[in-house]
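The values are calculated or read from the model by the stated rules, or taken from the named source; none is laboratory data. Keep in mind that this is a model prediction, so the values were computed, not measured. Here Cβ is always computed from backbone atoms with ideal geometry, including for glycine, and neighbour counts include all displayed protein chains.
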Amino acid sequence: MERYFGTYQTFQTASRKEAAGLIGADNLVGDFYQIECTIEDGVQKAWLVNKFNARVGYFDPAFSRQLSLLKAQDLVMVGLLSFVAFTDTPEPGHYWGEAAVIAYDPLEKESFGAFVDFVSGSLKKGVRPVIALKEDAINRIVQSKGAWEPKDTLPLPASKKGTAYIKTRQSLTDQLVEQSRKGNKGCYVASWAFLLCVVAAIIFSLKSCGVF
């Protein structure tokens with residue numbers, strides 16, 4: 001049985017409904033996702049399922065099969081939202097994204113759980129740490145109880161013509177939304193106040209330009 005597996009992998013949305021959810025506040029960069037392995041029409045399909053139990057995207061058949069094999073080994077599997085992108089071809093275009101996918105031995109949950117938290121925190125800041133680790137790095141995580149962190153990072157994939165990155169980190173508004181999820185009512189009120197101020201500023205600007 002493998003002790004650890006980590007990689008970044010792109011995923012697709014199945015419909016406009018999933019795409020709308022992906023770009024909304026229910027899915028923030030750095031969020032944790034369950035990975036649900038299924039077989040549909042004889043093809044293996046692994047889904048990312050967010051904390052609200054909504055499917056937001058699926059991996060290609062080859063990677064889905066790889067994940068099903070890891071699941072068969074009873075490894076703990078988690079996905080973390082890395083970025084969301086939009087590609088305008090073929091028309092009318094589609095939203096897609098990338099997730100950091102990590103699987104690990106449940107006997108080392110304390111060490112690898114801390115490492116996953118580090119990866120999540122890095123992604124929220126727009127940093128993509130290297131997670132495809134060699135044995136030496138894996139041993140360091142275990143021996144340090146998750147305190148060891150890789151220094152190497154990966155840039156965003158080169159943007160192709162017709163593709164734009166929509167989410168690559170958590171914005172200030174996203175951070176307020178995350179705090180409100182945790183039950184911080186003050187941040188919930190602050191997030192709405194911030195949005196209302198932005199809207200008011202836009203309206204004031206338009207009035208100053210004589211639009212109204």
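Things to note:
- Where Leu70 falls short, out of the listed (1) in contact with an Asp or Glu (Cβ under 9 Å, 6 or more places away or on another chain); (2) surrounded by fewer than 16 Cβ atoms within 10 Å (Cβ to Cβ): (2)
- Residue within the range 171-179 that is polar (S, T, N, Q), part of a helix (DSSP H, G or I) and at pLDDT below 55 present: no
- Condition check for Phe11: under 30 Å from Ser180 (Cα atoms) and either among the basic types (Lys, Arg) or touching a Lys or Arg at 6+ places or on another chain (Cβ under 9 Å) (or both): no
- Filtered by the rule that a residue be within 13 Å of the chain's Cα centre (by Cα), farther than 15 Å from Thr13 by Cα and aliphatic (A, V, I, L, M), the range 26-72 gives Leu28, Val29.
- Tabulated pairs, the range 114-143, first assigned to a helix (DSSP H, G or I), second aromatic (Phe, Trp, Tyr) and surrounded by fewer than 19 Cβ atoms within 10 Å (Cβ to Cβ), C-beta under 6 angstrom, 6+ apart or interchain: Arg140/Trp148; Ile141/Trp148
- The numbered conditions (1) at pLDDT below 95; (2) assigned to a helix (DSSP H, G or I); (3) of a type outside the set (Ser, Thr, Tyr) are all true for Pro157 except (2).
- Going through (1) among the small types (Gly, Ala, Ser); (2) surrounded by fewer than 21 Cβ atoms within 10 Å (Cβ to Cβ); (3) touching a residue at least 40 places away in the same chain (Cβ under 8 Å) one by one, Ser82 falls short only on (2).
- Scope the range 157-179; condition under 18 Å from Asn27 (Cβ atoms) and in contact (Cβ under 8 Å) with a residue 60 or more places away in the chain; matching residues: Ala164, Tyr165, Ile166, Lys167, Thr168, Arg169, Gln170, Asp174, Val177, Glu178
- Whichever residue in the range 73-96 is of a type in the set (A, V, I, L, M, F, W, C) and within 29 Å of Glu110 (Cβ to Cβ) and, among such residues, is farthest from the chain's Cα centre (by Cα): Leu75
- Selection of the range 91-117 for residues being surrounded by fewer than 18 Cβ atoms within 10 Å (Cβ to Cβ), in contact with an Asp or Glu (Cβ under 9 Å, 6 or more places away or on another chain) and under 28 Å from Ser171 (Cα atoms) yields only His94.
- Only one entry of Val76, Val43 meets the criterion of being of a type outside the set (Asp, Glu), touching a helix residue (DSSP H, G or I) at 6+ places or on another chain (Cβ under 6 Å) and without any contact (Cβ under 8 Å) to a residue 24 or more places away in the chain, and that entry is Val43.
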